[in-house]
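Contents: one structure, followed by commentary.
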Amino acid sequence: MSRIVEYTCIICPSGCLLRVEAEENRVVKVEGAGCPRGVEYAKQEFSDPMRIVFTVVRVRNGELPTVSVKTTRPIPKNKVFNLMKMLASIELEAPVEIGEIIVGDAYGAEVVATRRVGRREPVAG
Ligand code: SF4
């Protein structure tokens, strides 16, 4: 029995609507893609969806209370919640450098800081 699934391609700003026809969990046709990258995206999304994760991690004694972080490559979509939960439990000590590895192995990716957060100067007095 065949089924139809639709995705919006997120590879480029055109946002093509991709229509995937699958039979027994196998993609047999992809329509709507403006280029071959969309076809590959639809197949990947259907069989093993992946996501790059962007979030923030708390920083102790920093100029800012949090630092923005991201995974260095996409991770399985069904692992995103676990990773977000794990990152929510972390508190870094300032300073945090841009590119600093926050988590070394996050489902096949690294989590790195995407900005610098310096150490907060103690208030005089
Ligand atoms: S299918 Fe190609 S043109 Fe369309 S959004 Fe995806 S990458 Fe862009």
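Any read-out appearing in this document is the output of simple, stated calculations on the displayed coordinates, not a laboratory observation. These numbers come from a predicted model, not from an experiment. Every residue, glycine among them, receives a Cβ derived from its backbone with ideal geometry; neighbour counts consider all protein chains shown.
Side notes on the structure shown:
- Expected-Rg normalisation [2.2 N^0.38 Å, Cα atoms] applied to region 54-113: 1.06
- 14 Å Cα-Cα reach of residue 29 towards aspartates and glutamates, excluding residues that sit fewer than 8 places from it in its own chain: 6, 21, 40, 45
- Near residue 114, the amide H atoms lying under 5 Å from its own belong to 68, 69, 70, 99; only residues 5 or more places off or on other chains count, and H is placed 1.01 Å from N.
- For residue 61 and residue 11, a Förster radius of 35 Å and the Cβ-Cβ distance give a FRET efficiency of 0.30, rounded to the nearest 0.05.
- Charge sum, other residues only, whose C-beta stays under 11 Å from residue 56's C-beta, Lys/Arg counted +1 and Asp/Glu -1: +3
- With a cut-off of 15 Å between beta carbons, the residues surrounding residue 38 carry a summed charge of -1, where Lys and Arg count +1 and Asp and Glu -1.
- Over the chain: helical MRE at 222 nm, DSSP H runs n ≥ 4 each giving -39500 (n - 2.57), nearest 500: -5000 deg cm²/dmol
- Modelled label reach - residue 97, point 7 Å along Cα→Cβ, region 61-79 residues with backbone N closer than 20 Å: 61-64, 66-72
- A Förster radius of 41 Å combined with the Cβ-Cβ distance from residue 21 to residue 115 puts the calculated FRET efficiency at roughly 0.45.
- Helix 36-47 vs. the chain, principal-axis angle (Cα, 0 to 90°, nearest 10): 80
- Calculated log₁₀ intensity ratio I(q)/I(0) where the Debye formula runs over C-alpha points of the chain, q = 0.12 Å⁻¹: -0.59
- Ratio of Rg to Rh for region 2-47: 0.94 [Cα atoms; Kirkwood radius as inverse mean 1/r over pairs].
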